[in-house]
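Remarks on the structure that follows.
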Amino acid sequence: MDSEWALEVMHKAPYITVSFTDATGRPYGLPLSLASDDGVNWYFHCALEGKKLDAIKIHPEVCLSAVTRCTPTVGPKDATFTLQYKSAIAFGKATIVEDDAEKTKGLRLICERFLPDHMAAFDSSINRSQHRTAVVRITLTEPPVGKRKQYDENGDEMKQTHS
């Protein structure tokens, strides 16, 4: 699937697994709550210290993986056990955000995405916690790609068309 379709999956996924590489070359992947307003720059927040930040300082290249509509099913025509899903993968470079204005922007995007009904408390929350919160920007280095397995109403597997 094309990058536009893959970005839609990334925007809808409840979390995106980000895979880092630690100082020893060992992979380290974990699901994170990311948000973006342009589809290129994705933000997450974390503690001021930890494995993610240590890995970024040494190996800023990361891989993002998102999945939505993941449903175990029996193939409608052949009765095989399968999984219907929509997925996306992207590669990027992670940067620890130092600028307070950009940190606030990243945190605002995250809060607007995951807690839109509570934005009235955003400013007071930022004032209390921004000094103890790290924000990371992942800038995609190439367009994401997507893949899916889904069946239409006739039980036929849907291929490279949008829907």
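For the reader, a short list of remarks on this structure follows.
- Residue within region 52-66 that is basic (Lys, Arg) and touching a strand residue (DSSP E or B) at 6+ places or on another chain (Cβ under 6 Å) present: yes
- Long-range neighbours under 9 Å by Cβ, at least six apart or interchain, first residue within 12 Å of Asp37 (Cβ to Cβ) within region 101-121, second part of a helix (DSSP H, G or I): Arg108/Met119; Arg108/Phe122; Arg108/Ile126; Glu112/Met119; Glu112/Phe122; Arg113/His11
- Of all residues making up region 1-55, the number that are under 15 Å from Gly92 (Cβ atoms), without any contact (Cβ under 8 Å) to a residue 12 or more places away in the chain and basic (Lys, Arg): 0
- Taken over region 64-104, the residue count meeting the criterion of being assigned to a strand (DSSP E or B), surrounded by fewer than 16 Cβ atoms within 10 Å (Cβ to Cβ) and under 19 Å from the mean Cα position of the chain (by Cα) is 4.
- Residues of region 37-60 classified as among the acidic types (Asp, Glu), surrounded by 14 or more Cβ atoms within 10 Å (Cβ to Cβ) and out of contact with any helix residue (DSSP H, G or I) (no Cβ under 6 Å at 6 or more places or on another chain), total: 1
- Scanning region 37-62 for residues that are part of a strand (DSSP E or B) and aliphatic (A, V, I, L, M) yields one hit, Val62.
- Qualifying positions in region 122-163 - farther than 27 Å from Pro72 by Cβ, surrounded by 12 or more Cβ atoms within 10 Å (Cβ to Cβ) and in contact (Cβ under 8 Å) with a residue 24 or more places away in the chain: Gln130, Thr133, Ala134, Val135, Val136, Arg137, Ile138, Thr139, Leu140, Thr141, Pro143
- Of all residues in region 118-157 being in a loop (DSSP other than H, G, I, E, B) and in contact with a strand residue (DSSP E or B) (Cβ under 7 Å, 6 or more places away or on another chain), the one that is farthest from Val67 (Cα to Cα): Thr133
- For region 19-36, the set of residues classified as crowded, with 16+ Cβ neighbours inside 10 Å, polar (S, T, N, Q) and in a loop (DSSP other than H, G, I, E, B) consists of Ser36 only.
Read-outs: derived from the displayed coordinates by stated rules, not from any lab. Bear in mind the structure is a predicted one, so any value in this text is a computation, not a measurement. Neighbour counts are summed over all protein chains in view; Cβ atoms, including those assigned to glycine, are modelled from backbone coordinates with ideal geometry.
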